[in-house]
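Colleague: Let me begin by handing over the structure; questions about it come next.
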Amino acid sequence: MGIRVWRFITLLLAALAMTMESAHVLELPQKMQYDWPMYTAVNASLYRYFAIVGGAYQIGSILAAAVLAFRVRKRGRTFPWTLAGALCSALAFGVWLTVVNPVNGEVAEAFRIAPESVPAVWMRLRDRWEYGHAAGFAVQLVGFAALVVSVLVETPKDVPVPGTLHGNRHNG
């Protein structure tokens, strides 16, 4: 598989992974105004497939970016940008693992032991969960931007397009 295909796969997976955290950021202002019954009802029903689909996107983007960084390691200016994108993808997952996922675990444990305590647990941990997603989004955005720059630094600046004034040999 060529570099162009790896770049496409990496950029696509990184963009899809970023959509999960972007959704959380877009919801954040409104959700922070919800009372506990509304907040817990929304969270209990809305994110069922986020972990499954978003997890596949996130892990896929990390792996694809790591492979791409390895493949471009001898390509001068593109390598540091690609490596930065790969590291940011991994760091964003690290933010989720250390900040967001423990909240999920604590809520699941509360549900198992004392289901009536779940709303209070959610409200106590809400800020950590919400702002953890926002932090993950910021890191993913920086990583995605680095991956885009890794392509741009290898793109020629002025390539004439065939059939245009500068790309048409007949416009003498």
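Colleague: Could you pull out every one of the helices (runs of 4 or more DSSP H) wholly within the stretch 1-97 that has 3 or more residues that are more than 15 Å from Ala145 (Cα to Cα) and touching a His at 6+ places or on another chain (Cβ under 8 Å)?
Modeller: Details: elements: 3-31, 36-46, 55-71, 78-95.
Here the list reads 3-31.
Colleague: When the stretch 79-114 is examined, which residues are found to be at pLDDT below 95 and of a type in the set (S, T, N, Q)?
Modeller: If the condition is that a residue be at pLDDT below 95 and of a type in the set (S, T, N, Q), then Asn101, Asn104 are the ones that fit.
Colleague: Conditions: (1) touching a residue at least 40 places away in the same chain (Cβ under 8 Å); (2) exposed (fewer than 13 other Cβ atoms within 10 Å of the Cβ). Gly2 meets all but one. Number of the miss?
Modeller: (1)
Colleague: Within the stretch 119-129, does at least one residue satisfy the condition of being under 30 Å from Tyr47 (Cβ atoms), aliphatic (A, V, I, L, M), in contact (Cβ under 8 Å) with a residue 24 or more places away in the chain and touching a helix residue (DSSP H, G or I) at 6+ places or on another chain (Cβ under 8 Å)?
Modeller: The answer is yes; a qualifying residue exists.
Colleague: Counting only residues that are surrounded by fewer than 16 Cβ atoms within 10 Å (Cβ to Cβ), small (Gly, Ala, Ser) and in a helix (DSSP H, G or I), how many does the stretch 106-133 have?
Modeller: Result for the stretch 106-133: 3.
Colleague: Here is a follow-up. May I ask you to list pairs of residues, at least six apart or on different chains, whose Cβ atoms are under 8 Å apart, with the first in the stretch 138-163 being closer than 14 Å to Thr10 by Cα and part of a loop (DSSP other than H, G, I, E, B) and the second being at pLDDT 75 or above and acidic (Asp, Glu)?
Modeller: Going by the 8 Å Cβ cut-off, there are no qualifying pairs.
Colleague: Related question: Considering only residues that are within 11 Å of Val25 (Cβ to Cβ) and hydrophobic (A, V, I, L, M, F, W, C), which ones fall in the stretch 118-136?
Modeller: Ala134, Ala135
Colleague: Step by step: first the residues of the stretch 63-86, then only those that are surrounded by fewer than 18 Cβ atoms within 10 Å (Cβ to Cβ) and under 14 Å from Thr155 (Cα atoms), then the one that is nearest to the chain's Cα centre (by Cα). Which residue is that?
Modeller: Arg77
Colleague: Let me ask something else. How about the stretch 33-85: which of its residues are under 25 Å from Ile3 (Cα atoms) and hydroxyl-bearing (Ser, Thr, Tyr)?
Modeller: Hits for the stretch 33-85 are Tyr57, Ser61, Thr78, Thr82.
Colleague: On to the next question. Go through Glu106, Glu116 for me and flag whichever is of a type outside the set (A, V, I, L, M) and in contact with a helix residue (DSSP H, G or I) (Cβ under 7 Å, 6 or more places away or on another chain). Quick ask: steps written out before the conclusion?
Modeller: Details: Glu116 fails: in contact with a helix residue (DSSP H, G or I) (Cβ under 7 Å, 6 or more places away or on another chain).
Criteria check complete, one pass: Glu106.
Yes or no, residue by residue, for (1) more than 21 Å from the chain's Cα centre (by Cα); (2) exposed (fewer than 15 other Cβ atoms within 10 Å of the Cβ):
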| site | (1), (2) |
| --- | --- |
| Leu16 | no, no |
| Met20 | no, no |
| Leu26 | no, yes |
| Gln33 | yes, yes |
| Pro37 | yes, yes |
| Ala41 | yes, yes |
| Ile52 | no, yes |
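The values are calculated or read from the model by the stated rules, or taken from the named source; none is laboratory data. Just so we're clear, the structure is a prediction, and the values are computed from it rather than from any experiment. In this analysis, Cβ positions are derived from the backbone assuming ideal geometry, glycine residues included, and neighbour counts consider all displayed protein chains.
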